[in-house]
Each structure stands twice: as C-alpha cells, then as structure tokens.
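The values are calculated or read from the model by the stated rules, or taken from the named source; none is laboratory data. Remember, predicted model here, so these are calculated numbers, not experimental data. Note: ideal-geometry Cβ built from the backbone for every residue, glycine included; neighbour counts use all protein chains shown.
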Amino acid sequence: MSRENVEAAGRFWERFSASAASGWIDDGAPNPVLDPDVQYVEDARWPGSGIYSGSEAVRARFAEYLDIFGPMRVTLHETFDLGDKVGLMFGTRGESVQTGLPFEHDWAYLLTFRDGRIIEWRAYFDKTEALEAMGIGKGGDVRPPA
C-alpha cells in the first residue's frame, strides 16, 4: 500500500499547491484523497493553532489562511514514503494581503492514510521536529520511530 499512498499524496499535493497559488480553496467538490472525517492538526507553535475534524472544517481553516496570506508559492522539496504515512517537506513564499509583508518558511506535513485516503494531516513548523516524527535519521535514512 506504500506506493499507492505516495501516489495519493502526489494528487493531494497537486490540488493543495494549485489552491495556494490561485488563492482559492477549490470548486466545492470534495477532495477525493481526503477522508470525509480527516483530522488536521496544526503545530502548537502556530498562533491560534487547533485541531480541525472533517473535510469541511479543514477547508474552512485553509480559507482563513488564504484570507490572511493570499496567494502563495508552495514548493515541494521532499517526499518520504513511510508505509501508511507520507511525509512532505515544502516551502511557502508570498506577501500577506493583510499586511503587505513578505513571508517565507519551510514546513512539513505528515499524512496518515487508510484505504488510500488521508485520515490525519499533521503540520510541523520545525523541520527537525518533523523529521523526528517521521523517523528520519540525519543522513535521510528512514528508521523506526523511537
């Protein structure tokens, strides 16, 4: 199932990056890669962080992000095949529509799959913490989580 999860993560990323670049979430159609009961867990360091349950709640949260940040460039740096999980390392760049200030940051997502759909989507503000959560060694070797 691992290869299928990586392919599903790729489809997820295509839709996610297109939404970020265009500044709109989607056409209202359900994302076929997201389980309807998906849980999105923001990094606790993110101001106002929370846990959002259900695809509609996740969609609403990302609409809030776009209201603040506007369209942004997201660049996928690495994908990690972790069996029932897939790790994504990526960068964001843009200019906040509310403040006009530029921003740039590297993020990570850890996606957990069941039956080809994302059931948990966890965001990491810190790359080192994300790699540890993914069980990735310093040399990029995948190792079992402690």
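Find the strands (runs of 3 or more DSSP E) located wholly in the stretch 1-92 whose residues include 3 or more that are modelled with pLDDT of 85 or more and under 13 Å from ALA108 (Cβ atoms), and list them.
Passing ranges, in order: 72-81.
Pull up the stretch 84-104, narrow it to residues that are over 15 Å from the mean Cα position of the chain (by Cα) and of a type in the set (Val, Ile, Thr), then point me to the one that is surrounded by the most Cβ atoms within 10 Å (Cβ to Cβ).
VAL97
Which of the residues that make up the stretch 105-131 are surrounded by fewer than 19 Cβ atoms within 10 Å (Cβ to Cβ) and aliphatic (A, V, I, L, M)?
Scanning the stretch 105-131 gives ILE119, ALA123.
Considering each residue of the stretch 38-83, count those that are farther than 19 Å from ARG114 by Cα, polar (S, T, N, Q) and more than 13 Å from the chain's Cα centre (by Cα), and give that number.
1
I need the full set of residues from the stretch 77-92 which are within 15 Å of PHE16 (Cβ to Cβ) and small (Gly, Ala, Ser), in order please.
Those that are within 15 Å of PHE16 (Cβ to Cβ) and small (Gly, Ala, Ser): GLY87, GLY91.
Of everything in the stretch 62-81, what is basic (Lys, Arg) and in contact with an Asp or Glu (Cβ under 8 Å, 6 or more places away or on another chain)? Give them in sequence order.
Hits for the stretch 62-81: nothing passes.
For the stretch 86-102, which positions are closer than 17 Å to ILE68 by Cα and either of a type in the set (Phe, Trp, Tyr) or without any contact (Cβ under 8 Å) to a residue 40 or more places away in the chain (or both)?
Those that are closer than 17 Å to ILE68 by Cα and either of a type in the set (Phe, Trp, Tyr) or without any contact (Cβ under 8 Å) to a residue 40 or more places away in the chain (or both): ARG93, GLY94, GLU95, SER96, VAL97, GLN98, THR99, GLY100, LEU101, PRO102.
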